[in-house]
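Working notes, beginning with the structure itself.
The values are calculated or read from the model by the stated rules, or taken from the named source; none is laboratory data. Quantities reported herein were computed from a predicted structural model and do not represent experimental measurements. Here Cβ is always computed from backbone atoms with ideal geometry, including for glycine, and neighbour counts include all displayed protein chains.
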Amino acid sequence: MLSIRDLHARIGVRKILQGVNLEVKPGEVHAIMGPNGSGKSTLASVLAGRAGYEVTKGTAHYLGEDLLALEPEERARRGVFLAFQYPVEIPGVNNAYLLKAALNAVRRQRGLPELDAFEFLALIKDKMKLMQMDESFLSRGVNEGFSGGEKKRNEILQMSVLEPKLALLDETDSGLDIDALRVVATGVNSLRSPERAIVMVTHYQRLLDYIEPDFVHVLSDGRILRTGDKSLALELEKRGYDWVKQEASAA
Amino acid sequence: MSAVAPSPATVHYRDAFERLQPVLGGGATRRAAAMERFAELGFPGAREEAWKYTSLRRLESRRFVPATAPTTPVDVPAAFVAQRLVLANGSPVGSVPAALGGFTLGTLRTAPEDQLLRVIGGGGTERFAALNAALTIGPLLLSTTAGQQSDDVLQLTLMTTGAGPTLASPRIAVRMAAGSRARLLLDHVDDGVHEHFTNAVLDIELGAGAHLTLYRLQRQGERAFHIERIETRVAEHATFVMRDSQLGAALARLDTNVSLDGRAAATEITGVFLADGSRHLDSHVHVGHHAIETMSYQDYRGIAANKGRGVFNGKAIVHEGAQKSNARQVNRNLLLTPGAEIDTKPDLEIYADDVQCSHGTTTGQLDPNALFYLRSRGLSEPEARSALTRAFAGAVLARVDEPALARHVHDELDRRLVRLLEVAA
């Protein structure tokens, strides 16, 4: 589904990704872990098409297509979803408008008819319940005045409405208390399916207690230094990241 | 005044006035004095502070013919509300009813000329207010009686039209008696056939405890020149509310001057302007706090695109003795495409020590993070830009509480933004 080969990217003169290789198949859940500044969020941003990053080398293919050649909205319509680390507050654009416009953009791409207001409401009601979000939220501005937890829940709600094929979760656990983390994890787990792949970027092992990954990768200095199963995350939690770096440079 | 010879344009209007004087209707002495004042002030020079960002060279190069006789306009846009009067070149079309939409109506035949033709001095547009007083042909007096409450809206559609380049001088005086309440909607349109010059004056007085909401829509054609002065005196505990939408004309200048004269007089002035194409839109707001516990709030949102240019000058002066006053100003500006320009100058002068004042001005582009967020959800770039631009104006548009007008402004902004953004993308 997602195939990243020798990906190099920089912001200005600062090199951030320095040869990332990653294969993600449908149904898999991957966790990308690493110390601060290792390039985790950059990887998610580059895959979603955020401006400001320059890919200097390498490729990223999604369902056989050159992902990096697509505009952000084209990626979204083809089923790539980025849950933001810092969801943006947009006063004056309400949540219902965004959700409906986003959903219909995806449906057009899939050759499905657009939903009218009633069908749309029926569809999101249950999903909102799952994310423990009140209906009044729909008429509020996008993320406007939301707490950190509400913002992250909103990201997962959007994801559940858009039903992406490839979900990229950027530090979705950051800033969440344990209850909010549980709600978010329940939402993500409800979206696990054999057709869908999930790539989570996270600093802490904590999230992985709730969303169990099939693969854990350690990203450091812009490269994936080690890949393992979920036991690798536990080892990282105990021993930190330095030993991975030392072993990698020794090899 | 320096004894500089009047410019050819000034001479043109003075000569036109002398020729037309016999047919202009009552108030000959006042009109002559007003024309003298106009000739004395002339067109603004390039160095005049009030015209720093707006050049009238183009306007001054034209020789508009002052409208003299009532005309019957064609293609008058539909009314937003039930009660409407159409004025063509400043003159009511058809007979003027005695009362309409919560107001009693008067004309030069029935109302005192000192109410209808007075010129209040000062500011950059005094010259044009004087020119208007000299040349206006159908000035209208709208008045209320003490305590009269109306939820109706009176719409005045002010249409400029003519077989050649025409100068229209509409003039409306509003006298709100103590404790009365009314709503007025001004809709400026034109026939779009020729370059016309609309030079409008509103002269408003609010008695104690009166409440007036003025909705204003300026949607003249691409070739129109529009200058307007709104002069408002607000007595104790009275409130003047204005909802402005400045969307049309090639060149428009609006001066809104509000004088808070009595204790606890208040004003709330909100507006939006859209300077797209090669439009030049200039709005000046001047609020004077002259009494204690007076309150003013200004919120203008400006959008400029292409070669459009916006100018905003918001001024509040809290005079000595106006203690416990509150003056707040917000001016936000959005430049949608490179090449557009908005010049803004918030201005607060405070001569009292126990007051609350604030002003905030921003000028910028759409937030790239918000744009990316919306696009990452599948919205196209024009959709995302248009949603953010509407949101930008939304806080001000939400205050237009006359539904048909609000819908029109909303749709008009939408239509033009989508067109503009699709071209840009």
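Brief remarks on what is shown
- Looking across region A:20-53 at every residue that is loosely packed, with under 14 Cβ neighbours inside 10 Å and touching a strand residue (DSSP E or B) at 6+ places or on another chain (Cβ under 8 Å), the one that is modelled with the lowest pLDDT is identified as A:52.
- Checked against (1) in contact with a Lys or Arg (Cβ under 8 Å, 6 or more places away or on another chain); (2) more than 10 Å from every other protein chain (Cβ to nearest Cβ); (3) closer than 30 Å to residue A:23 by Cα, residue A:162 passes all but a single condition, namely (2).
Each row is one residue, and each column tells you yes or no for (1) over 20 Å from residue A:170 (Cα atoms); (2) surrounded by 14 or more Cβ atoms within 10 Å (Cβ to Cβ); (3) within 22 Å of the chain's Cα centre (by Cα).
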residue	(1), (2), (3)
A:211	no, yes, yes
A:222	no, yes, yes
A:226	no, yes, yes
A:229	no, no, yes
A:233	no, yes, yes
A:236	no, yes, yes
A:244	yes, yes, no
A:250	yes, no, no
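- Residues that are buried (at least 22 other Cβ atoms within 10 Å of the Cβ) and of a type in the set (Lys, Arg) within region A:152-182 comprise A:152, A:153, listed in sequence order.
- So residue B:301, is it in contact (Cβ under 8 Å) with a residue 60 or more places away in the chain, within 14 Å of chain A (Cβ to nearest Cβ) and surrounded by fewer than 24 Cβ atoms within 10 Å (Cβ to Cβ): yes
- Which listed residue, of B:405, B:420, B:397, is crowded, with 16+ Cβ neighbours inside 10 Å and within 14 Å of chain A (Cβ to nearest Cβ): B:397
- Hits in region B:1-49 (condition: among the charged types (D, E, K, R) and farther than 29 Å from residue B:347 by Cα): B:14, B:15, B:18, B:19, B:30, B:31, B:36
- Selection within region B:80-104 - in a strand (DSSP E or B) and polar (S, T, N, Q): B:83, B:91, B:104
- Qualifying positions in region B:390-414 - in contact (Cβ under 8 Å) with a residue 24 or more places away in the chain, in a helix (DSSP H, G or I) and farther than 14 Å from residue A:97 by Cα: B:392, B:393, B:395, B:396, B:397, B:404, B:405, B:408, B:409, B:412, B:413, B:414
- Restricting region B:175-203 to residues that are crowded, with 23+ Cβ neighbours inside 10 Å and β-branched (Val, Ile, Thr) leaves a set whose member that is farthest from residue B:114 (Cα to Cα) is B:189.
- Pick from region B:269-284, criterion touching a residue at least 40 places away in the same chain (Cβ under 8 Å) and assigned to a strand (DSSP E or B), ranking: farthest from residue B:334 (Cα to Cα): B:284
- Residue B:39 being part of a helix (DSSP H, G or I) and touching a His at 6+ places or on another chain (Cβ under 8 Å): no
- Residues that are out of contact with any Gly (no Cβ under 9 Å at 6 or more places or on another chain) and either β-branched (Val, Ile, Thr) or within 21 Å of residue B:113 (Cα to Cα) (or both), drawn from region B:35-53: B:35, B:36, B:38
- Condition check for residue B:75: among the acidic types (Asp, Glu) and assigned to a loop (DSSP other than H, G, I, E, B): yes
- Residue within region B:240-258 that is touching a Ser or Thr at 6+ places or on another chain (Cβ under 8 Å), among the hydroxyl-bearing types (Ser, Thr, Tyr) and within 17 Å of residue B:325 (Cβ to Cβ) present: no
- In region B:330-352, the condition of being in contact (Cβ under 8 Å) with a residue 12 or more places away in the chain, out of contact with any Lys or Arg (no Cβ under 8 Å at 6 or more places or on another chain) and at the interface with chain A (Cβ under 8 Å from one of its Cβ atoms) is met by no residue.
- Residues of region B:1-40 classified as polar (S, T, N, Q) and within 26 Å of the chain's Cα centre (by Cα), total: 1
- Hey, residue B:250 in contact with a helix residue (DSSP H, G or I) (Cβ under 6 Å, 6 or more places away or on another chain) and surrounded by fewer than 24 Cβ atoms within 10 Å (Cβ to Cβ) or not: no
- Checking the stated criteria, residue B:291 turns out not to satisfy the condition of being part of a loop (DSSP other than H, G, I, E, B) and touching a strand residue (DSSP E or B) at 6+ places or on another chain (Cβ under 6 Å).
- For the condition in contact (Cβ under 8 Å) with a residue 24 or more places away in the chain, under 17 Å from residue B:338 (Cα atoms) and either of a type in the set (Gly, Ala, Ser) or more than 13 Å from every other protein chain (Cβ to nearest Cβ) (or both), residue B:386 qualifies.
- Residue in region B:70-92 that is at negative phi, among the basic types (Lys, Arg) and surrounded by fewer than 17 Cβ atoms within 10 Å (Cβ to Cβ) present: no
- Residue B:154 vs. criteria modelled with pLDDT of 95 or more, touching a helix residue (DSSP H, G or I) at 6+ places or on another chain (Cβ under 8 Å) and aliphatic (A, V, I, L, M): no
- Residue within region B:353-376 that is β-branched (Val, Ile, Thr), within 10 Å of chain A (Cβ to nearest Cβ) and in contact with a strand residue (DSSP E or B) (Cβ under 7 Å, 6 or more places away or on another chain) present: no
- Residue list for region A:207-233, restricted to those being among the charged types (D, E, K, R) and closer than 28 Å to residue A:15 by Cα: A:221, A:223, A:226
- Scan of region B:314-332 for residues that are touching a Phe, Trp or Tyr at 6+ places or on another chain (Cβ under 9 Å), surrounded by fewer than 23 Cβ atoms within 10 Å (Cβ to Cβ) and either assigned to a strand (DSSP E or B) or of a type in the set (A, V, I, L, M, F, W, C) (or both), ordered by number: B:317, B:326, B:328, B:330, B:332
- Here residue B:125 clears all of (1) closer than 14 Å to residue B:26 by Cβ; (2) among the polar types (S, T, N, Q); (3) out of contact with any Ser or Thr (no Cβ under 8 Å at 6 or more places or on another chain); (4) crowded, with 19+ Cβ neighbours inside 10 Å except the condition numbered (1).
- Candidate set from region B:299-348 (those that are out of contact with any Cys (no Cβ under 9 Å at 6 or more places or on another chain) and hydroxyl-bearing (Ser, Thr, Tyr)); member that is farthest from residue B:56 (Cα to Cα): B:337
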